[in-house]
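S.K.: Got a structure here, written out as C-alpha coordinates. Questions coming.
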Amino acid sequence: VQLQASGGGLVQAGGSLRLSCEASGIIFSISDGGWYRQAPGKKRELVAHITSNSTTNYAESVKGRFTISRDSAKNTMWLQMHNLKPEDTALYYCNLYRPRRFNYWGRGTLVTVSS
(Lines give C-alpha, C1' and ligand atoms only; values in the text may rest on other atoms or scores of the structure.)
Protein backbone atom coordinates (compact mmCIF):
# COMPACT_ATOMS: atom_id res chain seq x y z
CA VAL A 1 0.00 0.00 0.00
CA GLN A 2 1.30 3.42 -0.89
CA LEU A 3 -0.10 6.93 -0.68
CA GLN A 4 1.92 9.41 -2.69
CA ALA A 5 1.25 13.01 -1.69
CA SER A 6 2.56 15.84 -3.83
CA GLY A 7 1.96 19.43 -4.83
CA GLY A 8 3.33 21.36 -1.89
CA GLY A 9 5.60 24.32 -2.31
CA LEU A 10 6.28 27.95 -1.56
CA VAL A 11 3.60 30.45 -2.48
CA GLN A 12 2.82 34.05 -1.63
CA ALA A 13 -0.20 34.94 0.43
CA GLY A 14 -3.28 34.99 -1.75
CA GLY A 15 -1.89 32.33 -4.04
CA SER A 16 -3.09 28.84 -4.83
CA LEU A 17 -1.77 25.29 -4.68
CA ARG A 18 -3.24 21.91 -5.51
CA LEU A 19 -2.21 18.90 -3.48
CA SER A 20 -2.58 15.39 -4.86
CA CYS A 21 -2.70 12.04 -3.12
CA GLU A 22 -2.38 9.01 -5.37
CA ALA A 23 -3.11 5.64 -3.84
CA SER A 24 -2.02 2.19 -4.83
CA GLY A 25 -2.65 -1.17 -3.26
CA ILE A 26 -5.99 -0.36 -1.67
CA ILE A 27 -9.59 -0.33 -2.80
CA PHE A 28 -9.81 3.39 -3.27
CA SER A 29 -13.51 3.45 -4.14
CA ILE A 30 -14.58 2.27 -0.68
CA SER A 31 -12.21 4.54 1.22
CA ASP A 32 -13.10 7.66 3.09
CA GLY A 33 -10.33 10.24 2.99
CA GLY A 34 -8.97 13.37 4.49
CA TRP A 35 -6.27 15.97 4.35
CA TYR A 36 -4.60 16.90 7.60
CA ARG A 37 -1.95 19.44 8.40
CA GLN A 38 0.56 19.99 11.15
CA ALA A 39 2.29 23.28 11.74
CA PRO A 40 5.46 23.52 13.83
CA GLY A 41 4.66 23.22 17.51
CA LYS A 42 1.01 22.42 16.85
CA LYS A 43 -1.10 19.29 16.80
CA ARG A 44 -2.14 17.64 13.57
CA GLU A 45 -5.54 18.90 12.52
CA LEU A 46 -8.13 17.76 10.02
CA VAL A 47 -8.47 20.25 7.17
CA ALA A 48 -10.95 18.52 4.88
CA HIS A 49 -12.73 15.20 4.72
CA ILE A 50 -14.46 13.34 1.90
CA THR A 51 -16.49 10.16 2.10
CA SER A 52 -16.50 7.34 -0.42
CA ASN A 53 -19.61 8.91 -1.98
CA SER A 54 -17.96 12.35 -2.06
CA THR A 55 -19.72 14.04 0.83
CA THR A 56 -17.33 16.71 2.08
CA ASN A 57 -16.60 18.57 5.30
CA TYR A 58 -14.10 21.31 6.08
CA ALA A 59 -12.44 22.94 9.02
CA GLU A 60 -13.90 26.38 9.66
CA SER A 61 -10.56 28.00 8.97
CA VAL A 62 -10.49 26.79 5.34
CA LYS A 63 -14.16 26.89 4.36
CA GLY A 64 -14.65 28.77 1.14
CA ARG A 65 -10.95 28.58 0.28
CA PHE A 66 -10.14 24.85 0.07
CA THR A 67 -11.88 22.13 -1.92
CA ILE A 68 -11.36 18.41 -1.46
CA SER A 69 -12.22 16.08 -4.32
CA ARG A 70 -11.57 12.55 -5.53
CA ASP A 71 -11.62 10.38 -8.62
CA SER A 72 -11.85 6.65 -7.99
CA ALA A 73 -10.94 5.90 -11.61
CA LYS A 74 -7.59 7.61 -10.99
CA ASN A 75 -7.19 6.43 -7.37
CA THR A 76 -6.49 10.04 -6.51
CA MET A 77 -7.68 12.60 -3.99
CA TRP A 78 -6.94 16.30 -4.27
CA LEU A 79 -6.96 19.41 -2.12
CA GLN A 80 -7.34 22.62 -4.08
CA MET A 81 -6.26 25.57 -1.98
CA HIS A 82 -7.02 29.18 -2.88
CA ASN A 83 -6.38 32.48 -1.13
CA LEU A 84 -3.64 30.92 0.94
CA LYS A 85 -2.62 32.63 4.16
CA PRO A 86 0.61 32.46 6.15
CA GLU A 87 -1.26 30.51 8.82
CA ASP A 88 -1.87 27.75 6.27
CA THR A 89 1.84 26.98 6.39
CA ALA A 90 2.22 23.37 7.50
CA LEU A 91 3.10 19.85 6.53
CA TYR A 92 0.05 18.42 4.80
CA TYR A 93 -0.80 14.72 5.00
CA CYS A 94 -3.35 12.64 3.17
CA ASN A 95 -5.24 9.83 4.84
CA LEU A 96 -7.39 7.08 3.37
CA TYR A 97 -9.29 4.67 5.57
CA ARG A 98 -12.12 2.26 5.91
CA PRO A 99 -13.35 1.84 9.50
CA ARG A 100 -12.25 -1.48 11.00
CA ARG A 101 -10.47 -2.44 7.80
CA PHE A 102 -7.57 -0.13 7.04
CA ASN A 103 -6.09 3.26 7.79
CA TYR A 104 -3.20 4.59 5.71
CA TRP A 105 -1.23 7.82 5.71
CA GLY A 106 0.86 9.44 3.05
CA ARG A 107 4.12 11.19 3.67
CA GLY A 108 3.67 14.88 4.25
CA THR A 109 4.03 17.54 1.61
CA LEU A 110 5.18 20.95 2.80
CA VAL A 111 3.15 24.06 2.09
CA THR A 112 4.81 27.37 2.89
CA VAL A 113 2.90 30.63 2.49
CA SER A 114 4.91 33.83 2.64
CA SER A 115 3.40 37.12 3.69
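The values are calculated or read from the model by the stated rules, or taken from the named source; none is laboratory data. Note that the structure is a prediction, hence the values are computed from the model and not measured. Counting neighbours? That spans all protein chains shown, and the Cβs are built from the backbone with ideal geometry, glycine included. Quick note on the areas: whole protein, heavy atoms, side chains included, nothing else; ligands and nucleic acids left out. Shrake-Rupley method; radii C 1.70, N 1.55, O 1.52, S 1.80 Å.
S.K.: In segment 75-115, what residues are over 15 Å from the mean Cα position of the chain (by Cα), at pLDDT 95 or above and not in a strand (DSSP E or B)?
M.R.: Within segment 75-115, 83, 85, 86, 87 meet the criteria.
S.K.: Continuing with this model, one more query. So which residues in segment 69-93 are open to solvent by less than 50 Å² (accessible area, probe 1.4 Å) and within 22 Å of residue 41 (Cβ to Cβ), if there are any at all?
M.R.: Within segment 69-93, 81, 84, 88, 89, 90, 92, 93 meet the criteria.
S.K.: With respect to residue 70, determine if the residue is over 10 Å from the mean Cα position of the chain (by Cα), among the basic types (Lys, Arg) and outside any loop (DSSP other than H, G, I, E, B). Break it down into steps so the answer makes sense when it comes.
M.R.: Values: over 10 Å from the mean Cα position of the chain (by Cα): yes; among the basic types (Lys, Arg): yes; outside any loop (DSSP other than H, G, I, E, B): yes.
So residue 70 fits the description; yes.
S.K.: Given the residues 64, 34, which is the only one that is within 17 Å of residue 17 (Cα to Cα), exposed (fewer than 14 other Cβ atoms within 10 Å of the Cβ), at pLDDT 95 or above and not charged (D, E, K, R)?
M.R.: Selected residue: 64, the only one of 64, 34 that is within 17 Å of residue 17 (Cα to Cα), exposed (fewer than 14 other Cβ atoms within 10 Å of the Cβ), at pLDDT 95 or above and not charged (D, E, K, R).
S.K.: Could you check, for segment 18-31, whether at least one of its residues is open to solvent by 20 Å² or more (accessible area, probe 1.4 Å), assigned to a loop (DSSP other than H, G, I, E, B) and of a type in the set (D, E, K, R)? Don't jump to the end; show me each part of the working.
M.R.: Within segment 18-31, the first condition is being open to solvent by 20 Å² or more (accessible area, probe 1.4 Å), and the residues that meet it are 18, 20, 22, 24-27, 29-30.
Subset that is assigned to a loop (DSSP other than H, G, I, E, B): 25-27.
From the residues that got through so far, the ones that are of a type in the set (D, E, K, R) too are none.
No, segment 18-31 contains no residue that is open to solvent by 20 Å² or more (accessible area, probe 1.4 Å), assigned to a loop (DSSP other than H, G, I, E, B) and of a type in the set (D, E, K, R).
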